[in-house]
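Some notes on the structure that comes next.
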Amino acid sequence: MLEGCNLCPRNCNVNRSTGVLGFCNSNDKVKVAKVSLHHWEEPCISGTNGSGTVFFSNCNLKCVFCQNHLISSIGIGKELSVESLSGIFLEQQAKGAHNINLVTPTHYVPQIIEALKLSKSKGLNLPIVYNTNSYENIDTIRSLAGYIDIYLPDLKYFKDKYGIKYSGAPNYFMVASRAIEEMFSQVGHPQFDEKGLMKRGVIVRHLMLPGLLFDSKKIIDYLYSNFGESIFISLMNQYTPSHIVSNYPEINKTLNQKQYEALIHYCLDIGILNAFIQEEGTASESFIPDFNLR
Ligand code: SF4
């Protein structure tokens, strides 16, 4: 798959094993920037012990407001073998992680599948979380069937113009919504254990951007009319302007809390029950992980 890489909708068709790089700047080695027990995911993912996050370097989007641009754009990280990645999964399990959380994994899916096969053969039995920007090819998502228990996809924009302007991603909504439908067809309705930890299911994240309430409502409409209460929605208000968005004055500010509350009320008014919301005070750089290569 990496010798003519079409893993994502960029369809670069480059041979990553020869050092030729596509849009995501990734060669054929897995690159990881941080491994941690993360406590700031949705409560049913983080639980008390934390989610066993593996932050992969590089990305197939170029979001101007990316909080993780050090790893997504600049690509800091360490190259790892499939065996080392498998070892990391097992280490996270030994440390008490509630799950293995693959953050921005799209461009490393073939290596991740090999690492999962290896670690499962050595006793890995945690739920596997696929935490994605949703700019995904359906075939890549299909290749994950049976390996992923929980999908944690973003749904960022409804209107194409925003996907193009802020992420350089044509047809974002069409691509992402089809990918989410495939994810749901694999894992189905949400399932939890007796402690309230998610074991299986889909949580769709939507990070609200300043001034885009109308677009956010269209996303909610789509999710509720297609999935009802069969998925969870996670409405996020933690948008934190980075230095890069100074070129985009309309989003070079934090989110107005009244706009966020308006979106919550919209969800309540149409009858949504399964949703996570965030408290005030989340728009802070202190919530951005320290990518120190540990
Ligand atoms: S994964 Fe990377 S190289 Fe492959 S198609 Fe996507 S952007 Fe291009």
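The values are calculated or read from the model by the stated rules, or taken from the named source; none is laboratory data. What you see is a predicted model; the values in this text were computed from it and never measured. Every residue, glycine as well, gets a Cβ built from its backbone with ideal geometry; the counts of neighbours run over all protein chains shown. Remember, those area values only see protein heavy atoms, side chains included, never the ligands or the DNA or RNA. Shrake-Rupley method; radii C 1.70, N 1.55, O 1.52, S 1.80 Å.
A few comments on the model shown:
- The slack in the chain from F214 to E83, taken as 0.36 nm per residue of separation less the alpha-carbon distance, amounts to 42.5 nm.
- Rel. contact order, % - alpha carbon contacts under 8 angstrom, at least six apart, region 1-130: 23
- Intensity falloff of region 107-148 expressed as log10 I(q)/I(0), Debye formula with alpha-carbon point scatterers, at q = 0.22, 0.25, 0.35 Å⁻¹: -0.76, -0.95, -1.42
- Cα-based convex hull, the chain, per residue volume (Å³, whole number): 121
- Value in Å of the Kirkwood radius, where region 5-55 supplies the Cα pairs that are averaged: 13.2
- Sites E91 and L21 - FRET efficiency at Förster radius 35 Å, r taken between beta-carbons, to 0.05: 0.75
- A crude spin-label estimate for the pair I277 and I138, with each label 7 Å from Cα along the Cβ direction, gives 3.6 nm.
- For region 73-147, the fraction of alpha-carbon pairs in successive 5 Å shells from zero, as %: 3, 14, 26, 26, 18, 10, 2
- Whole-number percent relative contact order across region 55-151, with pairs defined as alpha carbons under 8 Å at least 6 apart: 29
- With 5 Å bins beginning at zero, the pair-distance distribution over Cα atoms of region 134-276 amounts to 2, 9, 18, 21, 19, 15, 10, 4, 1, 0 %.
- Taking 0.36 nm per residue of separation and subtracting the Cα-Cα distance, full extension of the segment from R200 to H243 would add 11.8 nm.
- The chain: relative contact order as a whole-number percent, Cα under 8 Å and 6+ apart: 16
- A cut-off under 10 angstrom between Cβ atoms defines the neighbours of S17, and their net charge, with Lys, Arg +1 and Asp, Glu -1, is 0.
- Cα pair count fraction exceeding 16 Å, expressed as % - region 1-123: 62
- Looking at region 53-102, the accessible area is 35 square angstrom per residue; that uses a 1.4 Å probe and ignores ligands, DNA and RNA.
- Treating each Cα of region 57-203 as one equal point scatterer and applying the Debye formula with no solvent, the log10 of I(q)/I(0) at q = 0.11, 0.14 Å⁻¹ comes out as -0.44, -0.72.
- Positive-pole candidate from Y151, T140, F173, dipole of region 121-240, charges at beta carbon: F173
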